[in-house]
Amino acid sequence: MTGLEPTETTTFDMRLGRTVANRGMKRILFSITYPDRLVHPLHRRLVAESSVERAELLMWSPTEDATTLLWCDGDRAATERVVSGIDSLVSCQFVPETDGTYAFLRQDGYEFPTAVLDVIADSRVIFLPPVTFFDDGSVRCETVGEAAALSAFYEALSELGSVSIERVCDFERRHSPSRLSSRQRAALETAVSVGYYERPRDGSVADVADALGCATSTAGELIRKAEAAVIEAYVERD
């Protein structure tokens, strides 16, 4: 997928709702900052909580009881303080991890302002998780849809707050198949197992070669080609 800057109106014109060079399904990453009256209570608590910089809404149910899975980049205590801003909370369960805390939440309502919910309900786009709330007050979300529908969604959001377009790219329903050969995959897996990618590095190319039963030069070449294939695939997807 090829990313396009939002200023490239010759390729993608959001205000006119058309793609000049290439029509079809698009993915757009939006960043929105709402006025205070439209800020979700959880987001308001996050901005006030110095120990949490972002919260990611990972999954949500289409039901009225608003079952959601949230992740915060803070510890359990900080995450509990953020979640305490939700008046509609019925129950919650916290699962601490090394890099943050998961929160499984049940609410009797989503608590988003009616104006925001109306825009979402009237849109003809799909939201890709996560929806990310940042401590600077902004919200980042990625949507998929036909160009005209995305343009209409952009216009509707712009009436509610300050909207910027972080990224535009074509939507693909599946990723390209892996370019790794079986030997390259084996080399990468072995490199991981011997500590080649640890910091500080515990293993060497020679260790990979010994495990694979090949020459050191061969192991080094397999690793380099495998790394190149993985990075190329990653850049194309993003």
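The values are calculated or read from the model by the stated rules, or taken from the named source; none is laboratory data. No experiment lies behind these values; they were computed from the predicted model shown. When we count neighbours, we look across all protein chains shown, and the Cβ atoms used for this are built from the backbone with ideal geometry, even at glycine.
Can you name the strands (runs of 3 or more DSSP E) wholly within region 93-160 that have at least 1 residues being touching a strand residue (DSSP E or B) at 6+ places or on another chain (Cβ under 8 Å), in the same structural domain as residue 27 (by TED's automatic domain parsing) and over 23 Å from residue 73 (Cβ atoms)? Spell out how you get there, then give the answer.
Details: elements: 100-107, 126-134, 138-146.
So the answer is 126-134, 138-146.
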- Exception for residue 21 within (1) crowded, with 16+ Cβ neighbours inside 10 Å; (2) at pLDDT below 95 falls at (1)
- residue 205, sole failed condition from (1) outside the structural domain of residue 112 (by TED's automatic domain parsing); (2) surrounded by fewer than 17 Cβ atoms within 10 Å (Cβ to Cβ): (2)
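So which residues in region 62-92 are in a helix (DSSP H, G or I) and either within 21 Å of the chain's Cα centre (by Cα) or of a type in the set (Ser, Thr, Tyr) (or both)? Lay out the reasoning, then the answer.
The first filter runs over region 62-92 and keeps only residues in a helix (DSSP H, G or I), leaving 76-83.
Answer for region 62-92, where residues must be in a helix (DSSP H, G or I) and either within 21 Å of the chain's Cα centre (by Cα) or of a type in the set (Ser, Thr, Tyr) (or both): 79, 82, 83.
Residues 45, 37: which one is among the basic types (Lys, Arg) and under 18 Å from residue 131 (Cβ atoms)? Break it down stepwise before answering.
Numbers: 37 fails: under 18 Å from residue 131 (Cβ atoms).
Going through 45, 37 in turn, the sole match is 45.
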- Which of the following residues is within 30 Å of residue 48 (Cα to Cα), touching a helix residue (DSSP H, G or I) at 6+ places or on another chain (Cβ under 9 Å) and free of Cβ contacts under 8 Å to residues at least 40 places away in the same chain: 209, 219, 156? 156
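Kindly indicate which of 66, 55, 78 is on the phi > 0 side of the Ramachandran plot, in the same structural domain as residue 141 (by TED's automatic domain parsing) and not aromatic (Phe, Trp, Tyr). Even if it seems obvious, please write down each step before you answer.
Values: 55 fails: on the phi > 0 side of the Ramachandran plot; 78 fails: on the phi > 0 side of the Ramachandran plot.
Residue meeting the stated conditions: 66.
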- Message: Yes or no: region 58-74 includes at least one residue that is crowded, with 19+ Cβ neighbours inside 10 Å and in contact (Cβ under 8 Å) with a residue 60 or more places away in the chain.
- Response: no
